[in-house]
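Have a look at the structure below before the remarks.
Values in this text are rule-based calculations from the coordinates and carry no lab data. The structure presented is a predicted model; accordingly, all values stated were derived computationally and were not measured.
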Amino acid sequence: MHLKLIACQVFTRELEHILARSPHSVDLELIPMGLHSLGVEMRPHLQERINAADALGFDAILLGYALCGRGTEGLRAGLTQLILPRAHDCIGVLMGSRHRYADYFASHPGVYYRSPGWVEFQTPDLKLQPAFASQKDVLGAQSTLAELIAKYGEDNGRFLFDQYSAFRHHYSGLTYISTGIANDDACRAQAQAEAAKESWAFEEVHGSLTILDHLVNGPWDASFLVVPPASQIRATLDDGIVDAV
């Protein structure tokens, strides 16, 4: 099969591993993680890429995204079917099951998550992101105190840093999702260091490449939404998470 894969950068290493072993011809397009910070405003950026790929004769356009804060709701297939995982976000994808993630979330409130991609690509400057920055100051939340002071002045910079950092006070633990890829050990060490810095409890869970592997290689079973041509993605807020209309 000849496939187009439009995926979040958070899955980079896992997808490189899978694509190296795939029997299919896959054109991979990675989108900077910062796009997710736009929330629902990420939709037109993804739709633009879907439209660009639609007339190129692919058998399917694969989305390496989940519902992502409704950022994928409303995306429309043109002539080519769209395929995406039935998951709320990348954590459910990396855990291998939306149900496993739901169970873990219920028993581990107040946990912050990291994975190899989150550690490697969630950098303070997000240099690949300027194309999206005009719509929203998504860089601010990732900036260091020194960067904010340099941009906004001493008082304003410190105020913004406190606001951007406030979310961390609501967390008590950090869970690292190990996916067994080449840089796992280095990313785990960075996640442990982050947990120690924040005085968070650290826990590791074994992730799974199953959903990403099936996204690329099939089967597109009940864990996936197949969006037929001229249909669009709709959030259902039930166990299926999304459907096509």
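Brief remarks on what is shown
- For residue 26, the amide hydrogen comes within under 5 Å of the amide hydrogens of 3, counting only partners 5 or more places away or on other chains and with H modelled in the peptide plane.
- Close amide H contacts of residue 204 (hydrogens built in the peptide plane, cut-off under 5 Å, sequence separation of 5 or more or a different chain): 176.
- Using the Karplus relation 6.51 cos²θ - 1.76 cosθ + 1.60 with θ = phi - 60°, the per-residue 3J(HN,Hα) values for the stretch 73-79 come to 5, x, 5, 10, 7, x, 8 Hz, with x marking Gly and Pro.
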